[in-house]
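J.: Here's a structure for you.
The values are calculated or read from the model by the stated rules, or taken from the named source; none is laboratory data. All values derive from a computational prediction rather than experimental measurement. All Cβ positions, even for glycine, are placed from backbone atoms using ideal geometry, and neighbour counts span all protein chains on display.
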Amino acid sequence: MFKLQVQEDEKDPQAWHDVKGPDGKLLIFEKETDARAELEKRFPILVKLERYAAGSKRTRVISIYAEEEE
């Protein structure tokens, strides 16, 4: 499982925020490739800047563990 995060303030490297959908729920993906595609769709400029510019990253895909239901 994977989730997306974005750093909205480049001056504060600790300020990462989870990306949520229009319903306010955390966006979670089964495949990393799907998560990366959604990240690029939602933040195209930031993702492209990270590819070509030297500097800190402001978007990321995080691996998470899903809780198992009993």
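J.: Looking at region 1-30, I want the residues that are touching a residue at least 60 places away in the same chain (Cβ under 8 Å) and have a partner that is of a type in the set (Lys, Arg) and not in a strand (DSSP E or B) with Cβ atoms under 9 Å, at least 6 apart or on another chain. Which pairs are those?
T.: Filtered contacts from region 1-30: 2/31; 2/36.
J.: Okay, moving on. Which one of 69, 50 is surrounded by fewer than 11 Cβ atoms within 10 Å (Cβ to Cβ) and either at pLDDT below 85 or basic (Lys, Arg) (or both)?
T.: 69
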